[in-house]
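Notes follow the structure.
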Amino acid sequence: MNLVTLRTLILASAASGCIIYDDKCGPNQGRDGMSEDGEDGEDGEDGEDTGADDDADAPEFWLTPASARVGDTLIVSLQSDQAMDYAAVEDLVFTGGISICSQTAREDELLLTLVVHDDAVLGMVDLVIDFGSADRYFVEDAFLVLDADGSDGGSDGGSDGGSGGGDTGGDPAPGGGC
């Protein structure tokens, strides 16, 4: 009788085209999915570092204002959801044609004077923040570069087209420098 039930189950699952199989048993786990030390072994079952804990406590950074037009020179504020020593920032690098002319550390923010070059990549650009002592943070889609008429060149950055900071009154030096 058991053999008939097993065959029926196999045929039914093959006919439906879907088999759901959950293997929680790693090399150091018993039948209940728990390892010998009582820990659930789903993350990093084989002693692998999944990096999930590293990202959980990483600070989140943002810029205000978070967009500007090509050719703009503006001051933005870099902030974080955690207390940071902004005086320890050794290097900041934007992708896509944005230069940092100056930076001023404050208790709760880092003020940056930016120049968005005429040949800057339109759309979202990334930022790398280097605190020197092996603390580097990658901020994906940190800043939105708009063309001179306020559009983002077809990128789906979700901006209303305003730069938020605007021009400081002077044109950047030839070549878009500081």
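The values are calculated or read from the model by the stated rules, or taken from the named source; none is laboratory data. Remember, it's a predicted structure, so these values are computed and weren't measured experimentally. So basically every Cβ, Gly included, is an ideal-geometry build from the backbone, and we count neighbours across all protein chains shown.
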Worksheet item: For the stretch 106-118, does any single residue satisfy the condition of being in contact with a helix residue (DSSP H, G or I) (Cβ under 8 Å, 6 or more places away or on another chain), closer than 15 Å to Pro65 by Cα and of a type in the set (A, V, I, L, M, F, W, C)?
Response: yes
Discussion item. Cβ-Cβ under 6 Å, sequence separation 6+ or interchain: first residue in the stretch 85-105 and without any contact (Cβ under 8 Å) to a residue 24 or more places away in the chain, partner of a type in the set (Phe, Trp, Tyr). Which pairs?
Written reply: Ala105/Tyr86
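Here are some residues: Ser155, Ser163. Which one is closer than 24 Å to Cys178 by Cβ and at pLDDT below 95?
Working: Ser155 fails: closer than 24 Å to Cys178 by Cβ.
Criteria check complete, one pass: Ser163.
Out of curiosity, is Leu78 closer than 16 Å to Ala148 by Cα, in contact (Cβ under 8 Å) with a residue 24 or more places away in the chain and in a strand (DSSP E or B)?
The answer is no for Leu78.
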Worksheet item: Here are some conditions: (1) part of a loop (DSSP other than H, G, I, E, B); (2) modelled with pLDDT of 95 or more. Leu112 meets all but one. Which one does it not meet?
Response: (1)
